Every structure is written in structure tokens, then in C-alpha cells.
Amino acid sequence: MPEVLGWTMAVFLYGVLAGTARQLLIARPTWELAKGEVRGLISLILEKMDDTTGKGPLRRAMEFLKEADNALGGRPLLLWHGERELAAWRLVHMAERELVAAWEGEEVRARLVRGLAQLDDFPEGRAKVWRERIEKALGISGERCGGKGGLPESPQGGGPGAGEGVGAPQGDREAMFLLREFLAELYQIRDSRYAQLLTLHNKAIFLLGMALLLAWGLGLLWTERVWPWWWPHGPDPLLLYLAGLGGGILSRLTRLVRTQQLPTDYGGYWVPLFLAPALGGLAAMGGALVLRALLEAQALGRNLEPLLYPFGEAGAPPRGGPGGADAGGDPCGPGLCPPAGAGGPAGGPLRRQPGPAP
């Protein structure tokens, strides 16, 4: 049947387009980012392992990174759901915490200063607590950092007094333990946020599949046998769906063009781009059905009937539909029925009859 083929092609092509975009523009970059982070840290550790100190933490970090590399595999999954990337990032963050034990005091201090600029990831209350703890460990105050986590001043010179006094940390070990604790909470927040984003992606794909399946089923049921009142004057339901699909795409493109700042959320911005066209197609079909139901219930005036029959002869609704008979009982509408014996199935198509001469 042409209707079945048309609906199947429309739904299938949009599903393939969305799946291809998700694979090439979300899954592949996300996998490459995680893979690059793992390989970069492995190279860094191999360079540091030439020293004779701190090999214990480096070995533990290397074990975590090897597990992360194995979790990612050689290529992203065809049916991507983000589980491997989430596991890899958790292992990378555990490796980074282990690496802190192999850092020198100045490296720990520099990472704590950097942590002041990452407090926006925390809730407001926790950010305030961590700012106080880090500034106390660094021996600085909010005023000297401008209150924004800026780089604190360090004493000048390289003599015995360098690094002592106001600008010195309370102790390398205390600062190291503080940094490990800070990174644990920071990475927990980021991993949880990333897990929520992956859940959003997977829910969006599920909803997209359900929307396409619903549109396909609704289109196949939109037949003259099931809904005879729609035919032959109503517009093709496939055209309605495609028009709504195009409207959804245009709305997202308009927003994309007008926006001044694009989010960098590992593909989260794609979710409305996938769902808006499918929702637009269903809304177009559902709106036509609701309008028809309101007309059937005589909740709207008859002047709105031509909206559903733009392609009908002289804008008339089909026989038997709401308003199909005029006030005088004319089933064809005023002036549309042919003279007796001159129209109908054997008499050719219906023609509008001229009115009485003025």
C-alpha cells in the first residue's frame, strides 16, 4: 500500500538521521575525549616513573588508567549509551587523586589555587566552606585573591625565607590530604552530573522511538475506513506530519541562530533538537483531530470548517460531516447539488449551480 510505504519511509528516515547524528556528533567526540584523557595521563605517568620517588602512587594510578582504557575499548559502541565513558571517567578521576601523593609541595599548592576557580561546580554552601579551607591551607585571605580565587602573591627571592610566612602552606602533607579530599568531592559532583546527562540522552532516544512509533501507527490508522469523515476533502495526514516535522526543525534552527552562547554539556543541547521535530509532527496531526472533534461536538462555529477542508470543492466539507447539510437539508451544501438526473455518480462531477438572476 502506498500509505504504508510512505509512512514507513518517513519514520525510518528520520530515525536513521537522528541515530547517525547521535553517533557521529555525540558518541564519537565523547569517546575520543575520554580516550585522549586516558592516553595523556598514561604518557605523563610513564615520564614520571623514571624518578626513584613516588612510584607507589604512580603504579596505582597506572592501574586505574589501564582499567579505564580497557573499559573504553577500541571504538565507540554502535548503540551508544555512555556507560563505558562514565566508567572510564570515574577511573580517571581516581587515578588523578592517586597522582596527588607523588606531587611536590609547589604542585599541590598550584592545584589548590586552581581549585579556587572550580568552586562554581559546588553548591553555594559547600563552595563557601571549601573556599575558607583552601585559603586557610594556602595562608591567604579572600581580599588578597580578590575574592575570586585568583593566584595569591608569593614571597620574592629564592633564599631560605622563600615560601615561608604568609604565603606558605601549613604543611605539604596537610595540603596534599586537603587536595585529595577536595578532588574527591569535586569529581563526585561532576560524575553525578555526567551520569544525569547520559540518563537524559537515553531517555530522549526512548521518547523519540516512542514518538516515531506512535506517528507510524497513527498514520496507518488514518484511513477512509477508520475515519471516513476525513476523506476525500481533508489534507493528507502524511503532509500534516511532515509539515509539523519541518516546523519543529525550523523552530530549533531559529533558536540556534539567535542564541549568543552555546552550551558545552557533552551533547545535551542535541536532546531538544531530536525531540522537537517529532513532537511537531504529532502536534500537527493531533491538532487536526482535536479541531475535528470540536467541530463534531458543535463547540466551534461553522466558519472554521474550511480549515479542515482546504482542498475540498468550493471549500465544502464531505457528505455526512459536521455542517454537511445546510439548514434546508441540502446534503451537498447550498448550491452544490446538481439538478435531478444531471449529476451524481452517473452524471459527472458536482458543479456549483448559479444562483437566481438579480
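A short reminder: the numbers here are calculations on the coordinates, not readings from a lab. Fair warning: this is a prediction, and the values are worked out from it, not measured in the lab.
Computed on the Cα trace of region 1-48, the radius of gyration divided by the Kirkwood hydrodynamic radius gives Rg/Rh = 1.48. The lysines whose alpha-carbon is closer than 22 Å to the alpha-carbon of Lys35, local same-chain residues fewer than 8 away aside, are Lys48, Lys66. One compactness figure for region 1-100 is 1.59, namely its Cα radius of gyration divided by 2.2 N^0.38 Å.
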